[in-house]
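The values are calculated or read from the model by the stated rules, or taken from the named source; none is laboratory data. Keep in mind that this is a model prediction, so the values were computed, not measured. Backbone-built Cβ (ideal geometry, glycine too); neighbour counts: all protein chains shown. SASA here: full protein model, heavy atoms, side chains in, ligands and nucleic acids out. Shrake-Rupley method; radii C 1.70, N 1.55, O 1.52, S 1.80 Å.
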Amino acid sequence: MTPNTRRAVGLALTSLTGLAAFIIIAMLGIILFNVVENGAGGVTWTFLSKPPEDGMMGGGIFPAIFGTAALTLLMTVAVMPVGVLTAVYLHEYAPPNSLSARFVRVAVVNLAGVPSIVFGLFGLGFFILFVGQGMDRALGHEEMYWAQPGILWASLTLAVLTLPVVIVSTEEALRAVPMDHRTASLALGATQSQTLGRVVLPGALPGILTGAVLAISRGAGEVAPILFTGAAYFLPDLPTHLNSQFMHLGYHTYVMATQSPDVEATRPLLYSTVLVLLLLTFALNLVAVIIRTRTRRKAAGSH
Amino acid sequence: MSLNPNAPRPKMEARELTLRYGTKAAIQKVSLAILDRRVTALIGPSGCGKSTFLRALNRMNDLIPGANHTGTILLDDMDIHDRSVDVVDLRRRVGMVFQKSNPFPKSIFENVAYGLRVGGMKDKSALEQRVEKSLRGSALWDEVKDRLHESALGLSGGQQQRLCIARAMAVEPQVLLMDEPASALDPIATAKIEELIHELKATYTIAIVTHNMQQAARVSDRTAFFYMGELVECGATEQIFTNPREKRTEDYVTGKFG
Ligand SMILES: Nc1ncnc2c1ncn2[C@@H]1O[C@H](COP(=O)(O)OP(=O)(O)OP(=O)(O)O)[C@@H](O)[C@H]1O
Ligand SMILES: [Mg+2]
């Protein structure tokens, strides 16, 4: 290669990689700009605090905001303990390369690859028909109580969907806790569970919270898993029980985009809804990121 | 057996101890007594099994997958591998300080209090007393008394190592195992640790691994020379350094190899 061609190849590569990076940023920019431009005007207090009206051509989206937040919260409460405990089992208790650990890992990887609509069907079949009906029978409910779509089942379905994210990031976090700390703790006469509770988990906390962030931002935007398990087409009332149906920003967006009698009239509301969904996801992320930085600073600092 | 009633009795004793990682023996048929309230130095070239032997004494080798042993280790005539022995209990009686200082990312106070807390001590003033006593014992108190609640990671390397010694002493073990405790430290910090070992041997039985011959000569009463997984010779430090029985010992302590 002559110096000139070498320079040309270098230049071409630089431009190519730069272009790729630019395309990503541009796409994000275009999406955000489009959503903000068309949706920002519609995001008023009334819009945020009122239920939909006029066959979804007016009013607000408060029940959907509330439903999404409640759903995500329940999901987090369900997925974190299970995910963290699984990762702790894999990394701290199971002998390395044991058959059971390998089996769980394969299951986790496969779970992560399942299309989200399949989780919806799984939720319907397992939680509602199997667990729900079983509970109704066991608890002696005359009419369906648990064997119907509701926020509990939807959040559990989402929890199953986000489980791999939590397990993988928790395991990563556990791996990052120096072996030295475990050894030091055990050498001081701590039991394995004391070592886990006092040294390993506190050390892994920032990473575990990262897992929570990822799970929340994934879960808050998923629609397919909740289609058959609890999301309501239109329901001005807020969910009050674990078996209540609920409105959801993502599903509401889908409904407005496809089921509206007058697409033109619904479009501004649609944009505003999408903007709120994006903001909610960002806000949830932000909260978790702040918690994470705090604990990380605290871990590095005095305690 | 000596008839002198003042002669120190063995605090710990290995009998025909063989330790393997998988099938590969790291130490072979080692019989060695660690005398009560004496400092025993373990010396020998890299890879000869000093750390392996030390870790066997408080069963830290149990944590290494594939490690297995034959032979016995006694602590005050009690077989430490006996089914009735609680390994957590054993480690409270036989403490350990590692080559690389490894303080927890917690405050200085919490580092020293750790062993006490996991042992169930809750009373705040009792904890404070013990922490102060241990920090004084490790000659660190004056340097840290105004910053007990700051992170231990802010200490210098030498201070961190003395903190780890304080942390190990806080649970008041009877035996203290030290694996090259000063190898990462500068001469001043090393001198402090050596001084400390001198003071500690009034109350503790100490086994220390070191690569530094002068250090072994300075701090220890007895010296054990390991070579390729075998215990070549063990005796009074002075005898090992001036009048060793074995040619290999002489070559090693005079620096001809290793
Ligand atoms: N965790 C382990 N797994 C397998 N083999 C090991 C392990 N630890 C040590 N060994 C092997 O056992 C032998 C003795 O190692 P050991 O660490 O006890 O030596 P050492 O005398 O402490 O050496 P050094 O002076 O370098 O610290 C070496 O051959 C080493 O490779
Ligand atoms: Mg060693």
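For the range B:155-190, a residue qualifies if it is within 16 Å of ligand 1 (Cβ to nearest atom) and within 12 Å of A:Ala187 (Cβ to Cβ), and the qualifying residues are B:Leu177, B:Met178, B:Asp179. Inside the range B:115-126, can you point out the residues that are part of a helix (DSSP H, G or I) and more than 7 Å from chain A (Cβ to nearest Cβ)? B:Leu116, B:Arg117, B:Lys124, B:Ser125, B:Ala126, listed by residue number.
Here's the yes/no breakdown for (1) β-branched (Val, Ile, Thr); (2) farther than 22 Å from B:Arg91 by Cβ; (3) within 14 Å of chain A (Cβ to nearest Cβ):
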{"site": "B:Ser107", "(1), (2), (3)": "no, yes, yes"}
{"site": "B:Ser138", "(1), (2), (3)": "no, no, no"}
{"site": "B:Asp142", "(1), (2), (3)": "no, yes, no"}
{"site": "B:Ser156", "(1), (2), (3)": "no, yes, no"}
{"site": "B:Gln159", "(1), (2), (3)": "no, yes, no"}
{"site": "B:Leu163", "(1), (2), (3)": "no, no, yes"}
{"site": "B:Ala184", "(1), (2), (3)": "no, yes, yes"}
{"site": "B:Ala191", "(1), (2), (3)": "no, yes, no"}
{"site": "B:Glu194", "(1), (2), (3)": "no, yes, no"}
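Evaluated against (1) crowded, with 22+ Cβ neighbours inside 10 Å; (2) outside any helix (DSSP H, G or I); (3) of a type outside the set (Ser, Thr, Tyr), A:Pro95 falls short on exactly one condition, (1).
Screening A:Ile25 against (1) surrounded by 12 or more Cβ atoms within 10 Å (Cβ to Cβ); (2) not in a loop (DSSP other than H, G, I, E, B) leaves a single unmet condition, (1).
From the list B:Thr40, B:Thr18, B:Thr23, the one residue that fits, being modelled with pLDDT of 95 or more, of a type in the set (S, T, N, Q) and more than 16 Å from ligand 2 (Cβ to nearest atom), is B:Thr18.
Taking the conditions (1) touching a Gly at 6+ places or on another chain (Cβ under 9 Å); (2) within 16 Å of ligand 2 (Cβ to nearest atom); (3) not hydroxyl-bearing (Ser, Thr, Tyr) in turn, B:Asn68 satisfies each one other than (2). Given the conditions (1) open to solvent by less than 30 Å² (accessible area, probe 1.4 Å); (2) within 16 Å of ligand 2 (Cβ to nearest atom); (3) without any contact (Cβ under 8 Å) to a residue 40 or more places away in the chain, and given that B:Met178 satisfies all but one, which numbered condition is not satisfied? The one condition B:Met178 does not meet is (3). Only one entry of A:Val118, A:Val106 meets the criterion of being open to solvent by less than 80 Å² (accessible area, probe 1.4 Å) and in a helix (DSSP H, G or I), and that entry is A:Val118.
Candidates in the range B:205-229 are the residues that are away from ligand 2 (no atom under 16 Å from the Cβ) and open to solvent by 80 Å² or more (accessible area, probe 1.4 Å); of these, the one that is nearest to the chain's Cα centre (by Cα) is B:Arg218. Checking A:Met144, A:Met135 one by one, the residue that is closer than 22 Å to A:Leu235 by Cα and open to solvent by 30 Å² or more (accessible area, probe 1.4 Å) is A:Met144 and no other.
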